[in-house]
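Written out below as C-alpha cells is the structure these notes cover.
The values are calculated or read from the model by the stated rules, or taken from the named source; none is laboratory data. Note that the structure is a prediction, hence the values are computed from the model and not measured. Positions of Cβ are backbone-derived with ideal geometry, glycine not excepted, and every protein chain shown enters the neighbour counts.
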Amino acid sequence: MLTPKEIAYEVTKALDAKKGLDIKLLKIDHISSLADYFLICTGTSNTHVKTLCDYAEYTLEQLGEQMISREGHRGNSWELLDYGTIVVHVFTEEARQFYDLERLWADAEQINISDIVIAE
C-alpha cells in the first residue's frame with residue numbers, strides 16, 4: 001500500500017512522461033479535507049489534456065487506486081480526476097490562467113518535484 005505522497009509522486013512522473021507542462025504538486029491536507037494533494041498540469045491542446053488524464057488514470061489504476069470521479073469542461077479545456085487522496089487537474093493554458101488554482105490555494109505547501117520531473 002502506497003502512501004498519499006508516493007501516489008502523488010507516481011502520477012506526477014506519469015504526467016511528466018507524457019510531456020505535461022508546468023506541473024505543480026500542492027500539499028493541501030492541512031488546509032482542506034478534499035484531498036491530501038492537488039496535482040496541477042497544463043496540456044498543449046484539448047487532445048493533450050485528455051491524453052494526460054487518460055495516462056494519469058491508467059497509472060493510478062495500476063497502483064490500485066479507486067477513482068471517485070472524473071469531470072471535464074468544455075471539450076477538454078480542463079479535466080479533474082478525484083482519487084480521494086489526490087485530485088489531478090489538467091488544463092489548457094487558457095483554462096489554467098482562468099481558474100488560477102495556484103492563487104486560490106496559495107496557502108498550500110508547494111512540493112518540490114524537481115527531483116522527479118525531467119527538466120525541459
Original post:
Any idea which of (1) crowded, with 17+ Cβ neighbours inside 10 Å; (2) under 24 Å from Met1 (Cα atoms); (3) in contact (Cβ under 8 Å) with a residue 40 or more places away in the chain is the one Gly84 doesn't satisfy?
Top reply: (1)
Original post:
Does Thr92 meet the test of being of a type in the set (S, T, N, Q), crowded, with 16+ Cβ neighbours inside 10 Å and touching a residue at least 60 places away in the same chain (Cβ under 8 Å)?
Top reply: no
Original post:
Which one of these is charged (D, E, K, R), within 14 Å of Ala8 (Cβ to Cβ) and either touching a residue at least 40 places away in the same chain (Cβ under 8 Å) or surrounded by 13 or more Cβ atoms within 10 Å (Cβ to Cβ) (or both): Asp36, Asp107?
Top reply: Asp36
**OP:** Sort through Ile111, Ile86, Ile116 and tell me the only one that's among the hydrophobic types (A, V, I, L, M, F, W, C) and at pLDDT below 95.
**Re:** Ile116
Subject >> Conditions (1) touching a Ser or Thr at 6+ places or on another chain (Cβ under 6 Å); (2) buried (at least 16 other Cβ atoms within 10 Å of the Cβ): number failed by Ala8 >> reply: (1)
**OP:** Taking Ile40 as meeting all but one of (1) on the phi > 0 side of the Ramachandran plot; (2) in contact with a strand residue (DSSP E or B) (Cβ under 8 Å, 6 or more places away or on another chain), write down the number of the exception.
**Re:** (1)
